[in-house]
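The values are calculated or read from the model by the stated rules, or taken from the named source; none is laboratory data. Just so you know, these numbers come straight off a predicted model, no measurement behind them. Here the Cβ is made from the backbone with ideal geometry for all residues, glycine too, and neighbour counts use every protein chain on show.
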Amino acid sequence: MTSRLLHRLRPSGLLRHGDFVKLWSAQTISQFGSQVTGLALPLVAVITLDVSAFEVSALIVVETAPFLLISLPAGVWVDRLQRRPILIFGDLGRAALLATIPVAYFLDVLTIWQLYAVGFFVGVCTVFFDVAYQSYLPSLVEREQLVEGNSKLEVSRSGAQLGGPAIAGVLIEALRAPYAILVDAISFLVSGLFVVGIRKREENVPTRAERRAAKGSMRTDLGEGLRWVLGNPYLRTIAACTATFNFFSSLMGAILIVYLVRVLEFSPSMLGLMFALANVGYLAGALTSNRVSAKLGIGPAIITGAAFGVAALLIPLAPQDARGAFPYLLAAETVMMYGVVLYNVTQLSMRQAITPERLQGRMNSVMRFIVWGVMPLGTLLGGAVATGVDLRAAIWIGAIGVSLAWVPLVIGPIWSLREIPGTGDEPPQRLAQTEGEALFPGPIPQPEES
């Protein structure tokens with residue numbers, strides 16, 4: 001009996017993979033800290049600096065602009081260089097940048113322009129980190145472990161998000177928003193130290209001579225990455241769905257906190273509590289997505305996750321007071337969180353599995369360029385509608401768009417996919433022919449976050 005119990009208690013699967021556990025630990029810590037900044041940064045603008053709704057939306061535009069401006073060349077560099085050092089510098093860079101906000105506030109020199117500068121350069125670090133991070137996992141674990149790995153990473157994200165917002169709300173009220181951001185800076189520092197401890201070295205990394213020879217071929221490398229994504233029916237369909245969701249969720253998310261604080265009169269602690277409770281959906285998605293995708297099939301699981309976006313309609317339908325609106329927003333956030341995780345785990349695992357190792361960085365950067373590049377546009381439109389019409393109108397437009405983001409999936413080939421297609425070394429045309437054999441910086445979640 002004792003031996004059976006000990007056998008059951010032994011780590012299994014990727015829990016026995018020391019380097020993956022370090023990566024998982026790093027992400028858990030940084031994700032927890034990011035929950036603080038995700039709530040604190042816009043509140044610094046809204047409460048501490050008392051800026052307009054358009055200036056708040058402009059802050060989100062600045063934060064997401066790097067995904068539009070540098071995602072494509074970042075993918076080329078990620079494919080040319082070792083990815084682990086990029087992860088380390090991305091973490092340490094964000095730690096240093098965020099630490100300047102509480103320092104400036106203490107010295108009474110904090111302005112919205114500093115928030116814009118910090119938001120932009122943190123975004124630059126995030127672009128390189130995210131592209132390298134998604135490209136690094138397939139070289140760290142085996143192909144058949146990708147779904148398990150992505151599921152566990154989503155569990156870490158959901159665990160941080162489950163407790164993070166509530167604690168963030170308390171920290172913001174106790175310390176003030178600028179000082180609370182220091183927690184995120186420390187989390188990035190600790191995350192970087194965990195990545196330093198990863199021992200496995202990547203295979204197929206270009207030599208210095210090969211990198212020197214490739215310096216003049218940026219356009220060629222970019223073209224290869226674009227052709228791979230746009231020529232692959234699965235990747236093309238995923239990009240269309242995610243971009244639609246991200247555009248409209250950014251339109252709504254850009255002014256949602258302004259709407260909740262100034263119109264519905266939510267307090268920071270109430271915001272934190274709502275988002276914390278809603279992350280039960282995130283945790284449930286992370287724990288069940290593996291089983292759901294196995295039961296439904298990869299394609300139907302992806303579509304189901306995206307279809308949960310219809311819950312966004314509950315946000316503009318909510319009563320116009322904090323107490324009455326709370327259950328509506330909680331239900332909307334919980335359902336959307338579940339759908340986002342189910343969508344993310346399945347589509348990301350498929351993308352990683354069908355893409356050759358040498359194209360991982362460019363595939364992820366092209367996808368990021370498409371699906372995150374629309375976010376500044378959505379954010380600007382949200383700010384413009386909120387300023388020119390009213391906040392509620394912008395919320396309605398965003399909610400309707402999010403609720404229809406699943407439409408490209410049922411038009412494309414995803415719906416008939418039951419298992420992840422074979423080797424990614426096959427060209428996109430071959431994948432299309434053999435598919436039958438293959439048998440919100442805000443509170444609104446985006447499918448392409450992982």
Considering 90, 75, 119, which residue is surrounded by 20 or more Cβ atoms within 10 Å (Cβ to Cβ) and more than 30 Å from residue 223 (Cβ to Cβ)? 119
Check whether at least one residue in region 100-123 is at pLDDT below 80 and in a helix (DSSP H, G or I), and report yes or no. no
Enumeration of residues in region 299-314 that are more than 20 Å from the chain's Cα centre (by Cα) and either more than 22 Å from residue 234 (Cα to Cα) or of a type in the set (A, V, I, L, M, F, W, C) (or both): 313, 314
Go over the candidates 96, 74 one by one and state the one that is of a type in the set (Gly, Ala, Ser), farther than 30 Å from residue 384 by Cβ and assigned to a helix (DSSP H, G or I). 96
Being at pLDDT 85 or above and of a type in the set (Gly, Ala, Ser), is that true of even one residue in region 125-134? no
Tell me which of these residue 198 doesn't satisfy, since it passes every other one: (1) modelled with pLDDT of 80 or more; (2) among the aliphatic types (A, V, I, L, M); (3) not in a loop (DSSP other than H, G, I, E, B). (3)
Residue ID - surrounded by the most Cβ atoms within 10 Å (Cβ to Cβ), chosen from residues in region 39-69 that are β-branched (Val, Ile, Thr), out of contact with any Phe, Trp or Tyr (no Cβ under 8 Å at 6 or more places or on another chain) and within 14 Å of residue 120 (Cβ to Cβ): 60
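State the number of residues belonging to region 9-40 that are part of a helix (DSSP H, G or I) and more than 22 Å from residue 89 (Cα to Cα).
7
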Which condition number does residue 329 fail, the rest of (1) crowded, with 24+ Cβ neighbours inside 10 Å; (2) within 24 Å of residue 405 (Cα to Cα) being met? (1)
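For residue 366, state whether it is over 20 Å from residue 152 (Cα atoms), in contact with a Ser or Thr (Cβ under 6 Å, 6 or more places away or on another chain) and surrounded by 24 or more Cβ atoms within 10 Å (Cβ to Cβ).
On the way: over 20 Å from residue 152 (Cα atoms): yes; in contact with a Ser or Thr (Cβ under 6 Å, 6 or more places away or on another chain): no; surrounded by 24 or more Cβ atoms within 10 Å (Cβ to Cβ): yes.
Answer is no for this residue.
With 254, 240 as the choices, which residue is small (Gly, Ala, Ser), within 24 Å of residue 317 (Cα to Cα) and part of a helix (DSSP H, G or I)? So that I can check it myself, show each step before the final result.
Numbers: 240 fails: within 24 Å of residue 317 (Cα to Cα).
Just one listed residue meets the conditions, 254.
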Quick check on my filter: what residues within region 379-419 are part of a helix (DSSP H, G or I), of a type in the set (A, V, I, L, M, F, W, C) and closer than 20 Å to residue 292 by Cα? 409, 410, 414, 415
